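Here is the structure we will look at.
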Amino acid sequence: MTCWRRLPALLPALFLILAMAGCSSLPGRPGLGPEVQRPSDVMNFGVLYKQNCSGCHGPEGRGGPAFPLADPVYLSIVNDATLRTITAQGVPNSLMPAFARSAGGMLTDQQIDAIVEGMRKNWAKPGILAGVTPPPYSAPLGDPKRGTQVYQTFCQSCHGPGGKGGAKASSIVDGSYLGLVSDQELRTDVICGWPHLGAPDWRSDVPGHPMTAQEIADVVAYLAAQRPKFPGRPYPGQPSRRRK
Amino acid sequence: MKRLQKIFEWLDQRLKIGAAVREAMYHRVPRSSGSWFYVFGSSAFLLLLLQVVTGILLALVYVPSASQAWNSLQVLNHDITLGWYLRAVHGWGSNFMVALVLIHMMQVFLFGAYKYPREFNWVTGVFLLLFTLGMAFTGQVLRFDQDAYWGLGIGASITGRVPLIGAPLVHLLLGGPIIASDTLSRFFDLHVFIIPALLLGLVGIHLLMVLKLGINEWPMPGRLVRRETYLKEYEDLVQRDGVPFVPDAIWKDMVFGAMILGSVLVCAAVFGPFGPRGVPDPTIIQAAPRPDFFFLWIFALLALLPPYMETPLILIGPIVVIALLLLVPFLSGEGEKSWRRRPVSVLTVLVVAVTLGALTRFGQEAPWSPVMNGWSGLPVPAQYLKGRSALQRQGAIVFQEKQCRNCHSLGGEGGKRGPALDSVATRLTPDELIRQVLQGGGNMPAYGHNLSPAEVTALVSFLDTLHPPGVRPARDFAEKGLPLLDTGHPAKH
């Protein structure tokens with residue numbers, strides 16, 4: 001008959017559990033909204049950025065192999081329309097993919113807007129360039145010959161003679177490297193630098209002596225002129241098999 | 001008290017079930033069987049009752065229509081007081097029930113309880129297991145989320161492989177050529193009418209047989225079962241050393257049952273209901289549907305089988321397994337009961353358990369399915385970018401952009417279809433890296449035409465940096481000055 005004496009001890013425990021079920025703070029209670037959102041319904045910037053961009057541009061917009069988008073200097077130079085276009089359509093002949101559905105990607109236009117808005121809200125620092133006239137985000141290529149001079153003045157100290165790499169920074173004239181980046185990307189690199197890698201922006205290549213818009217256009221033209229016709233091929237003249 | 005007894009007598013004169021109930025309660029069972037090992041069946045039964053009660057409550061709200069099923073679960077989860085808890089209890093009850101049925105079966109097998117004269121207890125038990133799994137499967141379908149789609153898709157593709165009648169069978173199962181509203185109606189029917197009716201009916205028969213044939217005695221090594229003598233021996237044992245089922249044996253069942261019930265309630269409260277996960281929409285390719293826990297091993301098995309074995313194994317396998325299970329008591333209906341003297345049986349149980357466990361574990365990790373958004377969503381680990389050149393950084397971008405990351409992990413994150421590449425440079429020389437990337441091999445696609453020469457150069461210059469600090473990367477024999485590393489992958493030149 002032992003059972004009848006033990007059972008009452010168990011009952012209160014059971015009731016306790018049931019009573020606990022009544023309170024809304026139980027860990028098992030599902031949160032609002034479906035457990036897994038329809039991917040096209042995700043509008044949260046953090047989630048969108050993490051799932052779609054962090055692989056290349058790094059967690060939190062810096063520290064990845066591709067350009068650090070969270071740079072406030074960059075964000076005060078580039079406008080929203082450009083950010084939107086690049087995100088939606090990618091950059092042709094580069095490794096930046098298109099994300100808009102209309103261009104074969106997975107994101108809706110609203111999601112792309114949310115990403116652009118989120119980058120501004122989370123990473124921009126309005127006023128960081130107060131009192132400075134920054135060079136325009138984009139401009140036609142300048143004169144590569146003058147660019148050689150500009151290179152020696154502003155870049156050689158780190159990237160070495162001819163851009164082949166120096167004590168403080170690597171080669172930026174490698175054929176394969178140049179074959180993979182767009183001219184605009186080179187321009188963005190020169191203007192904004194890569195703060196987390198110690199690459200200076202246009203004002204600090206030579207301290208106290210910011211580059212002029214013309215000098216920037218020229219040095220970019222100089223780098224672009226180093227791009228081989230068939231990048232990555234040991235034997236020039238052979239057509240690239242690239243299909244893009 | 002007196003009055004109560006009067007009422008009972010009045011009822012019994014008309015219903016005539018008092019004798020049967022009394023017989024069931026006080027029938028004598030071997031003292032040795034009032035053991036903690038004999039409680040699993042009764043608590044599986046208890047959970048069945050729990051499932052019936054919670055299931056009826058859920059059916060009050062659930063709408064078995066393809067367009068509304070998912071939404072009605074949202075209503076249950078969020079708009080109805082404790083609706084989520086009801087779902088959670090039903091879901092966890094189901095998991096516990098499958099587990100208990102399996103454990104019960106294992107215990108019966110190891111204790112030789114299926115032997116003469118209890119062969120049909122075992123046979124009905126096998127069907128009870130099948131029906132329980134059927135309930136678990138159809139229940140998962142009723143969630144009608146991504147995972148349900150998985151289950152249905154697999155179920156349909158298995159059925160579709162049946163020779164000759166495959167297509168009509170799929171039609172019957174899904175109520176049409178595709179998964180649609182009729183499909184859900186069918187599974188609703190199965191889950192709330194057909195299988196429960198069979199299950200409850202069969203449970204009745206199963207219990208009746210337990211009562212009539214008596215509970216298996218504790219197996220003694222060396223005490224053999226013989227058809228001619230067993231019944232008499234059992235009768236003697238019960239007379240000599242038996243106890244009435246109530247209360248001497250039942251209290252353990254009740255204590256264990258209460259514990260199980262408590263665990264279900266606690267699990268439901270702590271871990272909550274299962275799903276519904278994302279809406280079922282085959283156009284969402286990011287979806288990574290997973291079956292419920294007890295079907296994960298099938299998921300793993302299907303993924304691991306080489307294609308040429310799939311159809312025969314899938315079609316013949318289940319028939320063979322079920323046939324073997326059903327034949328067990330007829331193949332060894334007599335003889336030794338104790339697991340101490342039946343090493344083959346013990347080994348069988350162990351092998352089956354380990355296999356199912358390993359497959360389940362595999363199913364959870366699903367290393368064969370690529371991480372669909374690894375390329376864009378998993379950052380390149382910072383230590384692999386420190387002090388790298390512009391070209392190597394581009395190589396890392398190529399690695400991401402070409403979706404290598406979906407199959408290969410870096411820093412523990414990424415797909416597991418291919419090997420982790422954190423130290424690939426110690427295994428392969430740059431030439432071998434180029435060959436692997438361009439020509440693929442194993443289960444890796446050949447990238448030859450999808451990579452430009454610049455991309456290959458950048459990629460390989462990045463891959464060649466992937467080695468632990470201080471360990472030199474692998475190099476050709478031809479290259480001078482570098483000691484060859486013993487990597488187990490000698491350069492093949």
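The values are calculated or read from the model by the stated rules, or taken from the named source; none is laboratory data. Quick caveat: nothing in here was measured; it's all calculated off a predicted structure. Counting neighbours? That spans all protein chains shown, and the Cβs are built from the backbone with ideal geometry, glycine included. Accessible surface is based on the protein model in full, side chains and every heavy atom, while ligands, DNA and RNA are left aside. Shrake-Rupley method; radii C 1.70, N 1.55, O 1.52, S 1.80 Å.
Expressed as a whole number of Å, what is the distance separating the alpha-carbon centroids of the range B:119-169 and the range A:176-203? Centre-to-centre distance over Cα atoms comes out at 58 Å.
Whenever you get a sec, line up B:H467, B:H449 from highest to lowest accessible area (probe 1.4 Å, protein heavy atoms).
Details: B:H467 55, B:H449 110 Å².
So the residues, ranked largest to smallest area, are B:H449, B:H467.
Under 12 Å from a point 7 Å along the Cα-to-Cβ line of B:I322: which residues of the range B:338-375 have their amide N that close? Of the residues in the range B:338-375, none has backbone N under 12 Å from the label point off B:I322. With a ≥ b ≥ c taken as the square roots of the eigenvalues of the C-alpha gyration tensor of the range A:43-123, please select rounded if a/c is under 1.5 and otherwise prolate if a/b is larger than b/c or oblate if it is not? Because its axes are fairly even, with a/c under 1.5, the range A:43-123 counts as rounded. Normalised by 2.2 N^0.38 Å, where N is the number of residues, the C-alpha radius of gyration of the protein assembly as shown stands at 1.29. For chain B, the longest principal axis of the alpha carbon atoms and the long axis of helix B:230-241 meet at an angle near 70°. Derived scalar couplings between HN and Hα for the range B:305-320 equal 5, x, x, 5, 8, 4, 4, x, 5, 5, 7, 8, x, x, 5, 5 Hz in order, rounded to whole Hz, by the Karplus curve 6.51 cos²θ - 1.76 cosθ + 1.60 (θ = phi - 60°), x for Gly and Pro. Sorted largest first by accessible area at a 1.4 angstrom probe radius, with every protein chain in place, the residues B:R341, B:R240 fall in the order B:R240, B:R341.
For chain B, the longest principal axis of the Cα atoms and the long axis of helix B:119-142 meet at an angle of about 50 degrees.
Taking the centroid of alpha carbons for each part, the range B:360-382 and the range B:214-243 are 56 Å apart.
Taking all Cα pairs closer than 8 Å and separated by 6 or more residues, the relative contact order of chain B comes to 18 percent. Checking the Cα-Cα distances for A:K50/A:K229; A:K121/B:K386; B:K16/B:K252; A:K168/B:K416; A:K164/B:K386; A:K125/A:K164 against a 26 Å cut-off, the pairs over it are A:K50/A:K229; A:K121/B:K386; B:K16/B:K252; A:K168/B:K416; A:K125/A:K164.
Per residue, the protein assembly as shown exposes 51 Å² of solvent-accessible protein surface, assessed with a 1.4 angstrom probe and all protein chains in place. Cα gyration tensor of the range A:141-222, axes a ≥ b ≥ c as square roots of the eigenvalues: rounded (a/c below 1.5), prolate (a/b > b/c) or oblate? Rounded, because the longest to shortest axis ratio a/c is under 1.5.
Please report the carbon-and-sulfur percent of the accessible area for chain B; probe 1.4 Å, protein heavy atoms only, DNA, RNA and ligands left out. Working shown, then result.
On the way: 16830 of 24500 Å².
After summing per-atom areas, the C and S share lands at 69 percent.
The loop-placed chymotrypsin sites (Phe, Trp or Tyr not before Pro) in the range B:45-139, going by DSSP, include none that has at most 11 neighbouring Cβ atoms within 10 Å of its Cβ. The label-point distance for A:Y137 and A:Q214, in a model that sets each label 7 Å from Cα toward Cβ, rounds to 2.6 nm.
Applied to the range B:262-267, the Karplus parametrisation 6.51 cos²θ - 1.76 cosθ + 1.60 on θ = phi - 60° returns per-residue 3J(HN,Hα) values of x, 5, 4, 5, 5, 4 Hz, with x for Gly and Pro.
Take the accessible area of chain A alone and of chain B alone, subtract that of the pair, and you get about 4900 Å² summed over both chains, using a 1.4 Å probe. The heavy atoms of B:M254 present about 70 square angstrom of accessible area, all protein chains included, probe 1.4 Å. The dipole here belongs to the protein assembly as shown: it is taken about the Cα centre, uses +1 on the Cβ of Lys and Arg and -1 on the Cβ of Asp and Glu, and is about 1140 debye.
Counted residue by residue at 0.36 nm each, then reduced by the alpha carbon distance between them, the extension gain from B:A20 to B:A197 reaches 61.4 nm.
Add -39500 (n - 2.57) for each DSSP H run of 4 or more in chain B, then divide by its residues: what number comes out at 222 nm, to the nearest 500 deg cm²/dmol? Walk me through the numbers on the way to the answer.
Details: 19 runs with 284 residues, N = 493.
Here the helix-only value at 222 nm equals -19000 deg cm²/dmol.
Taking Cα centre as origin and charging only the Cβ of basic (Lys, Arg, +1) and acidic (Asp, Glu, -1) residues, the dipole magnitude of chain B rounds to 880 debye. Helix B:390-401 and the longest principal axis of the C-alpha atoms of chain B enclose an angle of approximately 30°.
Taking a 1.4 Å probe, which of B:H104, A:H57, B:H171, A:H196 shows the most accessible area, and what order do the others take after it?
The residues order as B:H171, A:H196, B:H104, A:H57, largest area first.
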